[in-house]
Every structure is written in structure tokens, then in C-alpha cells.
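Undergrad: Pasting in a structure now, in C-alpha cells, and then I'll have a few things to ask.
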């Protein structure tokens with residue numbers, strides 16, 4: 001085992017997930033010194049400890065070439081559940097019975113990693129049953145009752161995912177996801193989902209993914225002139241302090257120490273603009289912000305969907321600081337995984353210099369990334385759909 005390589009990978013994964021050494025140490029029932037030694041690749045630490053650490057992130061096979069019996073068992077049942085997922089639409093009743101037979105064999109409720117998948121499938125099954133009742137034109141009461149069961153299963157799955165302290169998308173809470181789910185499910189006949197990234201294929205005939213709607217002031221030609229130095233715009237939303245692991249003064253000091261780079265910082269707490277060396281701090285004004293964004297070289301910001309969409313539309317690399325929510329971590333992971341910028345929990349001189357050194361690389365990736373959705377006119381797509389629907393249904397369209 002190459003302990004140095006494994007240690008570097010483990011530290012990178014822990015940092016990416018925003019997990020402290022103490023949290024890992026408590027989970028493995030070892031001291032923080034042991035975790036530090038593991039991440040530094042000390043030869044004196046037993047291989048078993050490297051394997052145990054890697055297993056916490058599901059990386060034992062990738063980093064150590066080890067597959068536990070438990071993992072082999074999980075893979076076996078995940079394969080069975082995936083098969084049911086692919087086929088349940090063909091015969092909902094049959095595959096519901098198959099799922100329950102499997103549940104008696106495994107008892108998914110006691111399986112931490114398999115339980116969310118089981119409840120997700122139960123949700124899909126009840127959703128299919130509810131849609132079938134609707135299509136048959138039978139009791140609305142029966143349909144609503146069935147769809148409510150589906151919603152309960154989906155929400156249960158989200159709760160179980162949220163209980164895992166080492167989930168793949170940060171330490172998010174599921175509150176926002178529950179609100180979003182209740183907003184869209186099940187009270188719709190057709191829905192549009194706006195996104196700046198391509199989503200996995202959705203088999204529902206009543207769902208369409210369209211690019212994010214970009215504001216007209218972002219699309220217009222810039223009115224400001226470009227700054228002679230490298231110019232980065234900084235905007236942390238009013239909730240940004242809950243994610244960044246520094247005070248406002250600390251990260252501003254980091255930026256102030258970077259030579260030959262100019263920073264425009266938009267701060268909701270500031271009432272009058274002021275300048276301090278290479279930092280210009282302005283109150284947040286939507287028009288001023290949009291115009292400044294259009295002549296910038298890059299952006300440091302939280303991972304809000306709308307602003308990230310606008311940055312990618314303008315071809316701007318992003319140094320992203322995700323808030324502690326599912327959607328922010330998902331967006332931040334997308335930026336980092338597709339090499340459109342970097343994701344971090346702090347703003348440091350070193351990371352800024354690394355980010356700036358690769359600005360051209362990030363810009364080229366944004367230009368050529370196949371996973372970004374920014375091309376079509378989303379507003380026109382919705383208008384065309386509504387006009388077509390009105391022609392077919394008349395006053396029933398609402």
C-alpha cells in the first residue's frame with residue numbers, strides 16, 4: 001500500500017466534505033493524532049487503520065484494493081433494487097410484491113445505506129399507483145391518499161440520507177428539500193425545472209428540464225470598462241457567514257495581501273462605498289452588481305443557483321463557498337467536478353492564487369463543457385408550451 005498517496009487522498013476527501021479530524025477520530029474511536037498520522041501517510045500506522053478510514057468514505061476499494069463482505073452484500077442488494085427501479089413502471093403491482101419479498105429477506109429498515117433506496121422505490125410505486133387512479137378517472141380521494149403515501153416515502157428517504165454524517169454532499173439539512181418537494185409534488189400536471197447543469201434523464205412525461213432564465217440586464221452589453229488588473233468580484237449572500245470558516249476581516253486581509261489583483265466586494269451591510277488598497281467595498285445594488293460582473297475575470301461567491309447560472313452564462317470562473325444546504329453543495333460539486341472553478345470553505349491567499357493561475361483553464365472549460373445548460377430561450381419554451389396547451393384544453397388550462 002502506498003500510504004503517502006492514500007493519506008493525501010483521505011485528507012482531500014475529508015476537507016472536501018467539510019469534516020473535522022475530530023469527527024473522523026470519534027467515528028473510528030481513535031485519537032486525532034492517529035488521523036493526522038494517517039493523512040500524512042506515516043509508515044508506522046497499520047494498514048488496517050488506513051482501510052477503516054477509507055471505508056468511512058466508501059473508498060476502501062479505490063484506495064486500498066479492499067472490498068469488505070458487508071460492501072459485497074450491499075452491492076448485491078443494490079443491484080436487485082436497481083433492477084426493480086428500472087422495471088417497476090412496466091408492472092407496478094408485480095414489482096411492489098418483489099420489493100416486499102426482498103424486504104423480508106433483508107429488512108431494509110435496519111440497513112442504513114439501503115433503507116433510503118427502499119423508501120425511494122416505495123415512493124415511486126405509490127406515485128405510479130396514484131397516477132393510474134387519476135388516469136382511470138376514479139375517486140380523487142383514493143388518488144390523493146395514494147399520492148400522500150408516495151410523498152411520505154420520499155420524505156422518509158430524504159430524512160434517512162440526512163442522518164448519515166458522511167454523506168456525499170456536505171453536511172446539509174433536508175429542510176429546504178422537503179419544502180421544495182411539497183411545493184412540486186404531487187399537485188401538478190406538468191412542470192418545468194430550470195437548471196444550469198444537465199440532470200440525469202427523467203423518465204416522467206410530465207417533467208421538462210430547461211436552462212435557467214437569465215435576467216435581461218445580464219444579457220445586455222456592459223456599460224463599465226474592464227479593469228487594467230486581474231479583477232475578481234466577491235459576493236457572499238447575507239447567509240454567507242454561516243458557511244465560510246473565517247470572519248469578514250480575516251478573509252478580506254487574505255485578499256488584501258494578494259498583489260496585482262483588484263477585488264470588488266459587494267457587502268449588504270455597507271451603506272457607502274470605500275476603497276482600501278486593492279479592495280473596493282460597495283453596498284449591494286443589483287444594477288451595479290450586474291454591470292461589474294460583466295467586466296470581471298472571475299467571481300468569489302456562495303453557491304446560489306441563480307448567480308452561478310449568470311456567471312457561467314458570462315463565462316466567468318467561480319471560486320465557490322457553499323452554504324450548508326443540499327442544493328448549494330450539489331452546485332459547488334458541479335463547479336469543481338467539471339473544473340469550472342474551485343470549491344472551498346475559506347478564502348485564502350494560496351487558494352486565490354491557485355484559482356487565478358488557472359483562470360484561462362477554467363474559462364476554456366466553461367466554454368466547452370457539455371454538462372452546462374445555457375443555450376435555449378427558456379421563457380419562449382414555456383410560452384410555447386402554454387399556448388399549445390391552451391389551444392388543446394381552453395379554459396381548463398390554469
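The values are calculated or read from the model by the stated rules, or taken from the named source; none is laboratory data. Keep in mind it's a predicted model, so treat the numbers as computed, not measured. We place every Cβ from the backbone using ideal geometry, glycine too, and count neighbours over all the protein chains shown.
Undergrad: For the stretch 226-325, which helices (runs of 4 or more DSSP H) that fit wholly inside it have 3 or more residues that are under 20 Å from residue 361 (Cβ atoms)?
TA: Fully inside the stretch 226-325 and qualifying: 305-314.
Undergrad: Turning to a different aspect of this structure: Taking helices (runs of 4 or more DSSP H) that fall entirely within the stretch 40-118, which contain at least 2 residues that are at pLDDT below 80 and within 28 Å of the chain's Cα centre (by Cα)?
TA: By residue number, 69-87.
This table checks each residue for (1) more than 24 Å from residue 199 (Cβ to Cβ); (2) part of a helix (DSSP H, G or I); (3) at pLDDT below 90.
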residue: 334; (1), (2), (3): no, yes, yes
residue: 355; (1), (2), (3): yes, yes, no
residue: 361; (1), (2), (3): yes, yes, no
residue: 366; (1), (2), (3): no, yes, no
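Undergrad: Continuing with this model, one more query. For residue 391, which of the numbered conditions (1) modelled with pLDDT of 80 or more; (2) part of a helix (DSSP H, G or I) fails to hold?
TA: (1)
Undergrad: Additional query: When the stretch 328-354 is examined, which residues are found to be out of contact with any helix residue (DSSP H, G or I) (no Cβ under 6 Å at 6 or more places or on another chain), touching a residue at least 12 places away in the same chain (Cβ under 8 Å), surrounded by fewer than 22 Cβ atoms within 10 Å (Cβ to Cβ) and more than 16 Å from residue 312 (Cβ to Cβ)?
TA: 345, 346, 351, 353, 354 - these are the residues of the stretch 328-354 that are out of contact with any helix residue (DSSP H, G or I) (no Cβ under 6 Å at 6 or more places or on another chain), touching a residue at least 12 places away in the same chain (Cβ under 8 Å), surrounded by fewer than 22 Cβ atoms within 10 Å (Cβ to Cβ) and more than 16 Å from residue 312 (Cβ to Cβ).
Undergrad: Let me ask you something else. Just checking, does the stretch 155-162 include any residue being at pLDDT 80 or above, not assigned by TED's automatic domain parsing to the domain that holds residue 345 and not in a loop (DSSP other than H, G, I, E, B)?
TA: No, the stretch 155-162 contains no residue that is at pLDDT 80 or above, not assigned by TED's automatic domain parsing to the domain that holds residue 345 and not in a loop (DSSP other than H, G, I, E, B).
Undergrad: Taking the condition within 28 Å of residue 210 (Cβ to Cβ), in the same structural domain as residue 245 (by TED's automatic domain parsing) and in contact with a strand residue (DSSP E or B) (Cβ under 9 Å, 6 or more places away or on another chain), does residue 316 pass?
TA: When the stated conditions are applied, residue 316 passes them.
Undergrad: Is the stretch 176-187 home to any residue that is buried (at least 16 other Cβ atoms within 10 Å of the Cβ), closer than 30 Å to residue 54 by Cα, under 20 Å from the mean Cα position of the chain (by Cα) and modelled with pLDDT under 80?
TA: Within the stretch 176-187, one or more residues are buried (at least 16 other Cβ atoms within 10 Å of the Cβ), closer than 30 Å to residue 54 by Cα, under 20 Å from the mean Cα position of the chain (by Cα) and modelled with pLDDT under 80.
Undergrad: When the stretch 27-49 is examined, which residues are found to be surrounded by 14 or more Cβ atoms within 10 Å (Cβ to Cβ), farther than 13 Å from residue 7 by Cβ and free of Cβ contacts under 8 Å to residues at least 40 places away in the same chain?
TA: Residues satisfying the conditions are 28, 30, 32.
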